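Every number here is computed from the coordinates shown, using simple stated rules; none is lab data. As the structure is a computational prediction, the values presented were derived from the model and not from experiment. We place every Cβ from the backbone using ideal geometry, glycine too, and count neighbours over all the protein chains shown.
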Amino acid sequence: MATPGLNTLGKLDTANLNGGQKLAVKYFTVAVVLFGAQIFFGLLAGIQYLKPDFLFGILDFNVNRMVHINALVVWLLFGFIGSVYWMLEDEAGIPVVGLGLGKLIFWIFTLAVAVVVVVYLLIQVGPGNESSIWLINEGREYIEAPRWADIGIVVCVLSFFYNVAATFARGRYTGVGGVLVLDLIALFGLYLAGMFYTPNVSVDQYWWWWVIHLWVEATWEV
């Protein structure tokens, strides 16, 4: 039996996809690119670990490692969002509510990721101050993204939540829909735990753990 959206050669036939699935394909495409970046920078970091002189003074090992790990997190997030858009219309029985907003948020999110990666690669050496936290690097392992990117992630996830919740509210509300809506509340809510500063390292690491393990592993990786 043929799979909807696929032609006889197994290639994606976008002409037969609904609006949510067409948007999902965009997310999947970026996810694949980021997956490739994860492998590439991981290989560079591995070579540098074995041969410390490789790209010395050109591309720092810690920068490669940072991009490698962040690419892992973000491609999984893009894949998760794309997967939800792929099945959303079929599950709810109606077109995605606010699809135009969803498309806009995709391009904003993708551009923001590109800017953050460029900043990671080109602007990581120099004095750290309040402006560097907002514009360059927050300085916390695994969540190094600058504060403007943090805010952008929350806005994008809230828009995504609106698409999903509004579509299920107007269409067919299923058990899958209920789980997704609750999960997306956690998706933006738990990320907020890593967006405030405390001078106490133990307290800071406690909230850092919420983002690394509850936000990443408990809301959308699972």
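Show me the ranking of peptides 103-112, 197-206 by mean Cβ neighbours inside 10 Å, starting with the highest.
Top of the packing list down: 103-112, 197-206.
With +1 on each Lys and Arg Cβ and -1 on each Asp and Glu Cβ, how big is the dipole of the chain about its Cα centre, in debye rounded to the nearest 20?
I would put it at about 520 debye.
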**Complete:** Two pseudo-spin positions, 7 Å from Cα along C-beta at residue 54 and at residue 114, lie apart in nanometres by 2.9 nm
**Fill in**
So the FRET efficiency between residue 209 and residue 186, C-beta based with R0 = 22 Å and rounded to 0.05, is 0.90
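Among the helices of the chain (complete DSSP H runs), which have Cα atoms covering no less than 30 Å along the helix axis and a Kyte-Doolittle mean of at least 0.5? Could the numbers behind the result be given before it?
Working: long enough: 19-50 (47 Å, 1.24); 61-92 (46 Å, 0.86); 99-122 (35 Å, 2.44); 147-170 (35 Å, 1.15).
Span-like helices, by this rule, are 19-50, 61-92, 99-122, 147-170.
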**Asked** By average Cβ neighbour count within 10 Å, what is the ranking of 74-86, 24-36 from highest down?
**Response** 74-86, 24-36
**Asked** How would you classify the stretch 19-221 from its alpha-carbon gyration tensor, with a ≥ b ≥ c the square roots of the eigenvalues: rounded for a/c under 1.5, else prolate if a/b is greater than b/c, otherwise oblate?
**Response** prolate
**Complete:** The long-range amide H neighbours of residue 137, using H built 1.01 Å from N in the peptide plane and a cut-off of under 5 Å, are none
**Request:** At a Cα cut-off below 19 Å, give the aspartates and glutamates reachable from residue 22, other chains included and same-chain residues fewer than 8 away excluded.
**Result:** 13, 89, 90, 91
**Asked** So how much slack lies between residue 16 and residue 33, counting 0.36 nm per residue of separation and subtracting their Cα-Cα distance, in nm?
**Response** 3.7 nm
